[in-house]
Structures are given as structure tokens and as C-alpha cells.
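Have a look at the structure below, then the notes.
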Amino acid sequence: METKLERIFDIVSFCAKKYPNKIAFGRKIKGKWHTLTFSEYLHKTNILSIWLLKNKIKKNDKVITICGNRPEWNIIDMAVQQTGAIHIPLYPTYNKDDLKLILEKCVPSFVFLLRS
């Protein structure tokens, strides 16, 4: 029987089962590589999804992430999608006036701010 992979988290779940110890992400910090396997990625995503739901994030709520390119962005993105909320990623290079406008128009339920 063929596995149906219709949503992005279906693909992650499939990879976590089939390739649990394969590296999904890597990031160099202070010259040293830090990696995340598919099973770790899925586990962290599910933990964050549960946390969001416990903190009253629900379908169609808006959740903003302000951060650069890093593995944690993917975990947040996947967790927000699993809750049915809307993920709005923003670059940390936006100026304060643009950020203020977006926050006022968007009215997010939650904002993740990750420093580089």
C-alpha cells in the first residue's frame, strides 16, 4: 500500500519513520556544525504544536516569526501549520516602521523573535 504524502508534515512524518537518524538540517555555529535528524525535527515540531495549542493558538490565528535562515524557522513553520494557524515569516532586516505597520495590520496572536 502506497503512503499518501499530501501535506508537508506528511512528508516530514514519513521521513522521520523511514530515515529517523538521517540529518534533516544543519547549522554552523561558531565554526561547529549542529545537526537535527528527521526524528528530532518531527519531535520538536510536535512539542511546539502542542505548546501552541495549549496557549490558545487556533485555526486561522496569525503567528509571526521574525528571524533569519535557520533550522528553528522550519520547526516553527511546521508547528504553526499543524495547528491550522497562519504563519507569517518576516525578515529581521525590515525597518521598524515596516514592522510596526505589518504588526498593526496583521494583529498576530503570537510573535516568535529569534536572534541570529
Give the residues of the stretch 65-116 that are of a type in the set (S, T, N, Q) and within 23 Å of Glu40 (Cβ to Cβ), sorted by residue number.
-> Thr65, Asn69, Asn74, Gln81, Gln82, Thr83, Ser116
Among (1) surrounded by fewer than 17 Cβ atoms within 10 Å (Cβ to Cβ); (2) closer than 23 Å to Val12 by Cα; (3) touching a residue at least 24 places away in the same chain (Cβ under 8 Å) - the single one Cys67 does not satisfy | (1)
Being touching a helix residue (DSSP H, G or I) at 6+ places or on another chain (Cβ under 6 Å) and in contact (Cβ under 8 Å) with a residue 60 or more places away in the chain is the filter; apply it to the stretch 70-90 and report the residue that is least open to solvent (accessible area, probe 1.4 Å).
-> Met78
Name the single residue, out of those in the stretch 4-24 being part of a loop (DSSP other than H, G, I, E, B) and either in contact with a strand residue (DSSP E or B) (Cβ under 9 Å, 6 or more places away or on another chain) or open to solvent by less than 80 Å² (accessible area, probe 1.4 Å) (or both), that is nearest to Val80 (Cα to Cα).
-> Leu5
Of the residues in the stretch 33-49, those that are closer than 13 Å to Phe9 by Cβ, among the aromatic types (Phe, Trp, Tyr) and open to solvent by 30 Å² or more (accessible area, probe 1.4 Å) come to Phe38
Within the stretch 52-89, restricting attention to residues that are of a type in the set (Val, Ile, Thr) and assigned to a helix (DSSP H, G or I), which residue is farthest from the chain's Cα centre (by Cα)?
-> Thr83
Out of the stretch 66-116, which residues are of a type in the set (Val, Ile, Thr) and out of contact with any Phe, Trp or Tyr (no Cβ under 8 Å at 6 or more places or on another chain)?
-> Val80, Thr83, Ile86, Ile88, Thr93, Val107, Val111
Only one of Thr37, Thr93 is farther than 19 Å from Leu114 by Cβ, hydroxyl-bearing (Ser, Thr, Tyr) and either free of Cβ contacts under 8 Å to residues at least 24 places away in the same chain or touching a Ser or Thr at 6+ places or on another chain (Cβ under 7 Å) (or both), namely Thr37
Mind counting the residues in the stretch 25-51 that are closer than 25 Å to Thr83 by Cα, assigned to a strand (DSSP E or B) and aromatic (Phe, Trp, Tyr)?
-> 1
Kindly indicate whether any position in the stretch 94-109 is modelled with pLDDT of 95 or more, open to solvent by 60 Å² or more (accessible area, probe 1.4 Å), within 22 Å of Val12 (Cβ to Cβ) and not in a loop (DSSP other than H, G, I, E, B).
-> no
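The values are calculated or read from the model by the stated rules, or taken from the named source; none is laboratory data. These numbers come from a predicted model, not from an experiment. All Cβ positions, glycine included, derive from the backbone under ideal geometry; neighbour counts span all protein chains shown. For accessibility, only protein heavy atoms count, side chains too; no ligands or nucleic acids. Shrake-Rupley method; radii C 1.70, N 1.55, O 1.52, S 1.80 Å.
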